[in-house]
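Have a look at the structure below, then the notes.
The values are calculated or read from the model by the stated rules, or taken from the named source; none is laboratory data. Small disclaimer: the values here were computed from a predicted structure and weren't measured. As a convention, Cβ positions derive from the backbone with ideal geometry for all residues, glycine included, and neighbour counts pool all protein chains shown. Protein only, heavy atoms only, side chains kept; ligands, DNA and RNA dropped before computing areas. Shrake-Rupley method; radii C 1.70, N 1.55, O 1.52, S 1.80 Å.
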Amino acid sequence: MSLITTFEEYKEQYKKSIEQPEQFWAEQAEQFVWKKRWDNVLDWNFVEPKIEWFAGGKLNITENCLDRHLAERGDQVAYYWEPNEPGDNPFQYTYSELHEQVCKFANVLKKNGAKKGDRICIYMPMVPELAVALLACARIGAIHSVVFGGFSALALSGRIQDCDCNIVITSDGAYRGAKSIPIKDVVDEALEICPSVKKVIVVERTNSPIKMVAGRDVLWSEEMKEASSDCLAEAMDAEDILFILYTSGSTGKPKGVVHTCGGYMVYTHYTFENVFQYKKDEVYWCTADIGWITGHSYIVYAPLLAGATSVMFEGIPTYPDAGRFWQVIDKYKVNIFYTAPTAIRALEAAGLDFVKPYKLDSLKVLGSVGEPINEEAWNWYNVNIGKENCPIVDTWWQTETGGILISPLAGITKTKPSFATLPLPGIQPVLVDDKGNEITGNGVEGNLCIKFPWPSIIRTTYGDHERCRQTYFATYPGLYFTGDGCKRDLDGYYRITGRVDDVMNVSGHRIGTAEVESAINMHVDVVESAVVAFPHDIKGQGIYAYVICTNKNKSAEFLRLEIMAEITKLIGPIAKPDKIQIVSGLPKTRSGKIMRRILRKIAEGDINNLGDISTLLDPSIVEEIKAGAL
Ligand code: PRX
């Protein structure tokens, strides 16, 4: 059995997972339906890297998410869907209904030319059809590439081109708070430069007028009318690709992180049940968007694998007011609630008057994900939402890890504010110094690496394996490098301190400084720019851009607006800087390297503590930047 119920059992399972990893994970895998058993549990090296779990095994993840549950819990709710507008009709799918919808839509995909191995882009708001779309792709062995609905047309087209999608699944529009967003228009614009896309399937959500391209665009509702609800699940190799999800790194374009079928299934399920201690009939709600890894793993796949009942929410935490989350918790009697620190901080700032009207007495477990949770937010969450009666699981993980790696087990691991606490079974974290030497013992700090594969580790970056090697396996040979800094305290508890590379975490969204700089540099008047993160009370980190412009006739304010528009066009509004300072130069070393350390200090407001600036080509520029700091 996989469910850990005591701390002693955690220690036993952990020990076994390290001493006999293959046997440990094979036991976890055995509870699933396999069309053919695997030949080999694990084959790996972190040099190429090559990582294969359950090779030779054949399965379809949707049979394990859906068909496997039909006899026992066909009538149980899989998803309660709560719309953006509180008064609008909610909606629900039982496991049988979800199974039927997935089979039908899988047939729609086939009718529209989709085959096993094809890449299908999904660009949609949080409507029930979004979960159906992912699962239908998986049913027929097509690879889904979900792009978060907040990305711009250009960002979308870049992701479609990178993996050569032939179908896009989208909606006419989206509701987000008070806004209505023209999603289909964005797709139309993106597709002007994506000749690989032959079909677009459109869900009607807002019923706003849209342009339908003859021969290319079809309506979801029309296609579903005729579709059969019989669809055999394609037999997939355990190492066939399940999905691609793009994420930002410290250099270049976003990378397509690849996850495969077997290991991802086993690991996400194991972590869901153990971290949240999910018990039959409980109601679970993860507030993430399915456009990010948290939604893939812990809204779609893992809860369904566990036969859970989930809430799926279309809206935002502050609409129509900052009590919305708490109202939804009471409405569905949510037992397990999983959200991000940025939402907690925003709701804390709104004040307790928005919390008081709600009972919140169904809650048993609270979760946090996506960025470090500061002690104050942790305490607020614990006292005002959990009523000091719900364990908080601060779950650390990444797009590349597929599932949670370091986290308390709810009610089992003793928690400590702002600590992700201990590694889950199968996870062997190590801290290394900048030269790659392992830092042993407790009460230490270093770069967080993992030294042994777990079943849902990244397999490759789509179309560019060398980039995967370079990014994750080359910095410290023999180790997977997370890009995060981390402390291990005297109790051996892990506390993630944030990224040590040029990746920012803004409201839990991962954004590369290089990506924002290259967008800014596209502006005709910009010569060069440097982007750094600075601490932000609500977002965790804000974006600070230093920009050199040639055009002296434009006001700084006008330039700022133009630069914002450029970023919105190239990436999306999530990457808009909080501050843009126009400067006449950047602090560079004699070899031409920008000294970001200095820019970070200035952005943090720590201007009297810049350290050694004598190696700069022109130290006087620092004075100018300090004087104009925002
Ligand atoms: O810096 C860490 C931070 O988010 C990064 C991963 O971002 P992404 O791939 O978008 O996935 C987010 C959702 C899993 C990590 O490198 N991060 C994530 N969770 C935590 C965290 N930092 C501190 N504590 C966490 N619980």
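A few remarks follow.
- Scanning the range 587-630 for residues being part of a loop (DSSP other than H, G, I, E, B), more than 33 Å from the chain's Cα centre (by Cα) and not basic (Lys, Arg) gives a total of 15.
- Conditions (1) hydroxyl-bearing (Ser, Thr, Tyr); (2) surrounded by fewer than 18 Cβ atoms within 10 Å (Cβ to Cβ); (3) within 27 Å of the chain's Cα centre (by Cα): number failed by Tyr544: (2)
- Hey, Arg488 closer than 27 Å to Thr413 by Cα and open to solvent by 20 Å² or more (accessible area, probe 1.4 Å) or not: yes
- Number of residues in the range 319-374 that are more than 16 Å from the ligand (Cβ to nearest atom) and more than 27 Å from Phe91 (Cβ to Cβ) equals 7.
- Within the range 1-15, the set of residues being open to solvent by less than 40 Å² (accessible area, probe 1.4 Å) and not in a helix (DSSP H, G or I) comprises Ser2, Ile4.
- Being of a type in the set (Phe, Trp, Tyr), more than 27 Å from Lys416 (Cβ to Cβ), touching a residue at least 24 places away in the same chain (Cβ under 8 Å) and open to solvent by less than 70 Å² (accessible area, probe 1.4 Å) holds for only one residue in Tyr472, Tyr494, Tyr480, and it is Tyr472.
- The strands (runs of 3 or more DSSP E) found entirely in the range 441-543 that carry 3 or more residues being away from the ligand (no atom under 15 Å from the Cβ) and not aromatic (Phe, Trp, Tyr) are 526-536.
- Residue within the range 363-376 that is outside the structural domain of Thr482 (by TED's automatic domain parsing), under 23 Å from Val77 (Cβ atoms) and open to solvent by 20 Å² or more (accessible area, probe 1.4 Å) present: yes
- Odd one out for Asp394, checked against (1) among the charged types (D, E, K, R); (2) assigned to a strand (DSSP E or B); (3) away from the ligand (no atom under 11 Å from the Cβ): (3)
- For the range 245-276, a tally of residues being over 21 Å from Gly411 (Cβ atoms), of a type in the set (S, T, N, Q) and at pLDDT 95 or above returns 2.
- Test: residue in the range 421-430 that is modelled with pLDDT of 95 or more, more than 18 Å from Ile4 (Cβ to Cβ) and not polar (S, T, N, Q): yes
- With respect to the conditions (1) surrounded by fewer than 19 Cβ atoms within 10 Å (Cβ to Cβ); (2) within 29 Å of Trp38 (Cα to Cα); (3) among the polar types (S, T, N, Q), Thr260 lacks only one, and its number is (1).
- Pair list, Cβ < 8 Å and 6+ apart or interchain, from the range 86-101 residues that are over 19 Å from Ala308 (Cα atoms) to residues that are charged (D, E, K, R) and assigned to a helix (DSSP H, G or I): Pro86/Arg324
- Segments classed as helices (runs of 4 or more DSSP H), wholly inside the range 121-236, with at least 3 members that are buried (at least 23 other Cβ atoms within 10 Å of the Cβ) and either among the basic types (Lys, Arg) or at pLDDT 95 or above (or both): 128-140, 153-163, 183-191
- Search result, residues across the range 404-413 that are more than 9 Å from the ligand (Cβ to nearest atom) and either closer than 15 Å to Tyr270 by Cβ or surrounded by fewer than 19 Cβ atoms within 10 Å (Cβ to Cβ) (or both): Leu405, Leu409, Ala410, Gly411, Ile412
- Just one residue in the set Lys435, Lys387, Lys416 is within 16 Å of the ligand (Cβ to nearest atom), surrounded by fewer than 22 Cβ atoms within 10 Å (Cβ to Cβ) and not in a helix (DSSP H, G or I); that residue is Lys416.
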